[in-house]
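A quick write-up on the structure given underneath.
The values are calculated or read from the model by the stated rules, or taken from the named source; none is laboratory data. Computed from a predicted structure; not experimentally measured. All Cβ positions, even for glycine, are placed from backbone atoms using ideal geometry, and neighbour counts span all protein chains on display. Only protein heavy atoms, including side chains, enter the accessible area calculation; ligands, DNA and RNA are left aside. Shrake-Rupley method; radii C 1.70, N 1.55, O 1.52, S 1.80 Å.
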Amino acid sequence: MITIFTSVLYVALAAHIVLIFLSLYYFWRRKEVFERLISADLITNYGLAMLVILALIVDNTLFLDVSLGLAAIGFIGVIALAKYIADQQMF
Amino acid sequence: MQSLFLLIASLFILAGTGLSIVGFLGLKWLPDVYSRLQATGKVGVFGIILLSVGVFTVGLQDLNWGMMSRAAILFLFLLVVAPTAAHAISSAAYRFGVEPELGHSQRDDLARDIRKATEEMLAELDKDSREINLDDTEGQVEKLDDSQGRVEERPKTP
């Protein structure tokens with residue numbers, strides 16, 4: 001059972017790495033600013049998922065702490081960028 | 001018993017990976033900024049949410065309280081944060097002037113609401129200014145009868 005579980009973990013990790021590179025391609029390809037913002041948000045989410053899977057593979061809960069910090073920073077960054085692009089000012 | 005928990009966790013992890021793949025396909029195929037946001041802000045995020053449920057199940061297997069609490073905090077945080085970020089992006093895109101591809105649905109409810117709110121605000125301002133200098137505008141106000149029985153006052157056009 002443990003071998004099946006670890007193989008599932010490695011498959012999920014590989015899928016998320018491939019998805020990061022595919023959405024990076026669309027981040028580079030599409031020219032409108034909000035499409036790029038959407039792609040950046042999706043890349044942040046995939047990195048978060050990668051960290052969560054790595055926490056299971058390495059069996060270390062430190063990766064979950066790092067993923068919490070990354071989620072907070074990504075959220076604040078997305079909201080600040082959206083407000084800056086729409087209103088041309090930060091605050 | 002332990003293998004049952006691992007089986008449930010691997011099912012959650014596979015479902016989360018599938019939702020991540022569906023979110024990417026939505027980013028790739030959908031035609032519009034707003035509909036792409038629909039795919040990435042809900043489906044792509046629910047990938048991580050299901051992954052954190054899987055981590056919670058793995059922690060439940062040998063009662064690893066640190067892992068369980070961190071997974072629960074990540075779950076609740078993402079459940080609150082992800083729709084907020086999607087809403088912020090879509091409202092900023094609307095204010096920036098990104099046109100939605102309407103297609104078969106030929107209505108824009110937000111534009112109608114904004115127009116109605118602006119008209120109400122202008123009517124309020126108009127009423128206030130009329131109350132302030134009532135003597136000046138006397139005789140320049142004509143009464144228009146609305147079709148619904150409301151009597152609406154508008155300044156007479158020269």
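For this structure, a couple of remarks:
- If you take all other residues with their beta carbon under 14 Å from the beta carbon of A:GLY77, and give Lys and Arg +1 and Asp and Glu -1, the sum is +1.
- Protein accessible surface hidden between B and A, which excludes ligands and nucleic acids, total in Å², probe 1.4 Å: 3900 Å²
- Sites matching trypsin sites (Lys or Arg not before Pro) across chain A that sit in DSSP coil, with at most 16 neighbouring C-beta atoms within 10 Å: A:ARG30, A:LYS31
- Backbone phi angles across region B:77-90, fed through the Karplus curve with coefficients 6.51, -1.76 and 1.60 (θ = phi - 60°), yield HN-Hα couplings of 4, 5, 5, 7, 7, 5, x, 5, 5, 5, 5, 5, 5, 6 Hz in residue order; Gly and Pro are listed as x.
- Computed P(r) (all Cα pairs; the protein assembly as shown; 5 Å bins; percent): 1, 6, 11, 14, 13, 10, 8, 7, 6, 5, 4, 4, 3, 3, 2, 1, 1, 0
- Ellipticity at 222 nm from helices only: DSSP H runs of n ≥ 4 in the protein assembly as shown, each -39500 (n - 2.57), divided by the residue count, give -26500 deg cm²/dmol.
- Computed with a 1.4 Å probe over protein heavy atoms only, the accessible surface of the protein assembly as shown comes to 60 Å² per residue.
- Average other protein chain Cβ within 10 Å of Cβ, residues B:59-65: 1
- Among A:LEU9, B:VAL81, B:LEU50 - extreme Cα towards positive end, dipole of the protein assembly as shown, charges at beta-carbon: A:LEU9
- J(HN,Hα) series, region B:29-35, from Karplus relation 6.51 cos²θ - 1.76 cosθ + 1.60, nearest Hz, glycine and proline x: 9, 5, x, 9, 5, 5, 6
- Using all pairs of distinct alpha-carbon atoms, the Kirkwood hydrodynamic radius of chain A works out to 14.6 angstrom.
- For region B:3-102, the percent of C-alpha pairs falling in each 10 Å distance bin, counted from 0 to the bin holding the largest distance, reads 17, 37, 27, 14, 5, 0.
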